[in-house]
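Right, one structure below, let's go through it.
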Amino acid sequence: MMKSTTDKIQLEKNADLVAKIAAGDRQAFSQFVLQNQRQVVNLAFRILGDRSAAEDIAQDAFLRAYHSADRFRGEASVQTWLYRITVNLALKHLRKRKWERLFSFLEAEEINRWQTELNQHPDRLAETEEAKQLLHRAVLQLPKAQRTVLILHRWEGLSHKEIADIMGVSVSAVESRLHRAYKKLATILSRWMK
Amino acid sequence: MKCSEFKTQALLLMDHRLNDAVRQELEKHREECRTCSEYVEKLARVWQAELPELDASPAFRQRVMARLQSESSRPSRMAELWEDRLLPALRPTALVMFMLVSIFLGRWLATPTAALNNNGTEPQDMLSIEYFETLTQESLAAVYLSLGEETDE
Ligand SMILES: [Zn+2]
């Protein structure tokens, strides 16, 4: 209850800020960045798996939001709008650095280390950094559309409809991507967790 | 049900994303198969984990504001429109066009007319159908790679 009330206050504030930003108010923009930077950087990091790229993409996202604030009509929430900008930029970034995946074999050793940890201390796994890293690495192996849909649903807690709005696809497309993402991720994890 | 099939659906099972029929089948396998029931317990512990988090660096807002300051003019809407909407829409069209051109070119060069016009002055193997088939496949592969993951889902 408390959480949803707080969220609502923040969203209204966000919407007010966007209106001011549209009128060219840089002070409002600065406040807007402060309020939303943690979420935007974190979302970019979850999709990209790269700290410095995540910061760069988040900066780009805020600048783009600044320039398109006058086109924000409030059909979607400010969060959905900001997430859509961030997701678009992150996916564009992934298309550009496609070749980097050729070097993913370098991660094999790291995965090995997590596997050992997993088998030695299965009981305290969920709290460990290893479990988070293992899970994130596995998620990053998914094709980018499946990965994004899964992250938005499972860890950002968004509804199928909200995800559809963010990604510009139908709800049924979101559902089928999610289904494939769950299956593919399970297959990857089963290979790693022998 | 095979163990591999069970493992593939294990996360869907945990998050209640299966219809009753499939779910019952999986539950049945889990009860009967010791390997899978142990596996699913281990998997559940990984699945409970959060993803790692990253907060913005202390200078984040400052950097954004500095970039805003240094922008002399805003990017034109046409440029954004081109990048975000027209370009992605054109990519599949370009692939189809390329394939059509490849097919027609290959066919045209493989026809007796093209061979007759040749008069033996050019190396015959360059105009053979085999040569154009390899060319087309390689070029198609290159175009496919440049398309990014548009078709990966
Ligand atoms: Zn089994």
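The values are calculated or read from the model by the stated rules, or taken from the named source; none is laboratory data. Given the structure is predicted, the values throughout are model-derived calculations rather than measurements. Neighbour counts run over all protein chains shown; Cβ positions are idealised from the backbone, glycine included. These area figures cover heavy atoms from the full protein model, side chains too; ligands, DNA and RNA do not enter into them. Shrake-Rupley method; radii C 1.70, N 1.55, O 1.52, S 1.80 Å.
Brief remarks on what is shown
- Among the residues of the stretch B:133-152, none qualifies, meaning not one is surrounded by fewer than 14 Cβ atoms within 10 Å (Cβ to Cβ), modelled with pLDDT of 65 or more and away from chain A (no Cβ under 14 Å).
- The lone criterion from (1) more than 16 Å from the ligand (Cβ to nearest atom); (2) open to solvent by 80 Å² or more (accessible area, probe 1.4 Å); (3) modelled with pLDDT of 80 or more left unmet by B:W47 is number (2).
- Residue under evaluation A:V149, criteria (1) more than 15 Å from the chain's Cα centre (by Cα); (2) surrounded by 17 or more Cβ atoms within 10 Å (Cβ to Cβ), criterion not met: (1)
- Leading residue by the ranking (farthest from the other protein chains (Cβ to nearest Cβ)) among those in the stretch B:51-79 that are assigned to a loop (DSSP other than H, G, I, E, B) and at pLDDT below 90: B:S72
- Filter result for B:F6 (within 16 Å of the ligand (Cβ to nearest atom), within 10 Å of another protein chain (Cβ to nearest Cβ) and of a type in the set (F, W, Y)): yes
- If the condition is being surrounded by fewer than 16 Cβ atoms within 10 Å (Cβ to Cβ) and either within 7 Å of another protein chain (Cβ to nearest Cβ) or part of a helix (DSSP H, G or I) (or both), then the stretch A:165-174 contributes A:V171, A:S172.
- Residue under evaluation B:P52, criteria (1) within 16 Å of the ligand (Cβ to nearest atom); (2) in contact with an Asp or Glu (Cβ under 8 Å, 6 or more places away or on another chain), criterion not met: (1)
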